[in-house]
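One structure is given here, and the rest of the page talks about it.
The values are calculated or read from the model by the stated rules, or taken from the named source; none is laboratory data. This structure is a prediction, so every number in the text was calculated from the model and none was measured. Quick reminder, even Gly has a Cβ in these numbers, built from the backbone with ideal geometry, and neighbours come from all protein chains shown.
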Amino acid sequence: MWQGPAETPPTARIAMLAPSMQPSERRVAEAIAADVDISIERTAQEIADAVEVGRTTVVRTAQTLGYDGYPQLRVALARERASSAPSQDAAADATMLGALRGAVDRFASRLAHTVSAVTEETLAAFVGELDGATRLLVAANGLSAPVGADLSMRLTSAGRPAEYVADTLGQQITASQLGAGSACLVVSGSGVNRASIDVMTAARASGARVLAITSFPRSPVAEMADVALVVAPINDSFRDELLYTSRAALMLVTESVVGLLVSRRGASATAAQMATFSVLGHSLSE
């Protein structure tokens, strides 16, 4: 059942919840996301007939997405469609540049959805955990690894020292030695990476707090975390997320979170950034 903000658009909810739905519900949800305009016009029974499931499955899918029933989901879909900016007709431009512009336009049109599942309370708690931890380990694997490495460097540059270990076994060993007062921050777009889950388990066993940044609220990574930031995926489905594997939204949010931490820390963070600029300045040559 959806437990995020009421204003989160239905297609963003589908993208985040579909992987954890029952197979029949997932088919309904993905069919709706695949053609929103047609879904708005159809009744629950018409959707059921098209997907070859019972009407109760369609109603149950709507309820899983956080709506009283399918009529309320239809209204939410219509509202989302009405509020979205008209898409550019990139299909007429078959050039590589046209395709690039189309991809950028599509990304831009969904940017507002990326933080639609984040609440003020969760964000404040997350930044507070980062600020207060005596020791911080950042762990990320697979396609999220570059995001984790970048986040660790940004935190350290802002005066919040963070450890980043690339090797998966090394991550678990480090996590097992964190202890109370420390924190382990796991970045996992899919929320199901086995190595990242093992790191979280080791960190929790040590007494450390466990934080997560992921795209799916009912994933193992999100459910294991003491505080989780759920960043809605740019792609419309879990299948697309696996095929196209964009981590751009995660990178954008992590950069912004560091900015919030800098604001919270005030003068000490500013001093750390000045020291970082000094080091960078000495590393440059004509």
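One table, with the values for the structure above:
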{"item": "Evaluation of ARG135 against (1) of a type outside the set (S, T, N, Q); (2) modelled with pLDDT under 95; (3) in the same structural domain as ALA249 (by TED's automatic domain parsing) (one fails), failing number", "result": "(2)"}
{"item": "Selection within region 170-201 - outside any loop (DSSP other than H, G, I, E, B), under 18 Å from GLU223 (Cβ atoms) and touching an Asp or Glu at 6+ places or on another chain (Cβ under 8 Å)", "result": "ALA183"}
{"item": "Residue list for region 135-157, restricted to those being in contact with a Leu (Cβ under 9 Å, 6 or more places away or on another chain) and without any contact (Cβ under 8 Å) to a residue 40 or more places away in the chain", "result": "GLY148, SER152"}
{"item": "Filter pass, LEU100 being modelled with pLDDT of 90 or more and among the hydrophobic types (A, V, I, L, M, F, W, C)", "result": "no"}
{"item": "Contacts under 9 angstrom Cβ, first residue in region 252-275 being in contact (Cβ under 8 Å) with a residue 60 or more places away in the chain and over 19 Å from LEU111 (Cα atoms), partner assigned to a helix (DSSP H, G or I) and charged (D, E, K, R), 6 or more apart", "result": "LEU261/ASP131; ARG264/ASP131; ARG265/ASP131; ALA272/ARG265"}
{"item": "Pair list, Cβ under 8 Å, 6 or more apart: region 162-175 residue of a type outside the set (S, T, N, Q), other residue assigned to a loop (DSSP other than H, G, I, E, B)", "result": "GLU163/ARG135; ALA175/ALA208"}
{"item": "Elements of type helices (runs of 4 or more DSSP H) contained in region 1-69, each with 2 or more residues being at pLDDT 90 or above, crowded, with 18+ Cβ neighbours inside 10 Å and under 22 Å from the mean Cα position of the chain (by Cα)", "result": "10-17, 23-34, 55-64"}
{"item": "Qualifying residue in region 31-43 (condition: touching a Lys or Arg at 6+ places or on another chain (Cβ under 9 Å) and within 14 Å of HIS113 (Cβ to Cβ))", "result": "yes"}
{"item": "Region 123-147 - residue that is part of a loop (DSSP other than H, G, I, E, B) and of a type in the set (S, T, N, Q) and, of those, nearest to ALA249 (Cα to Cα)", "result": "ASN141"}
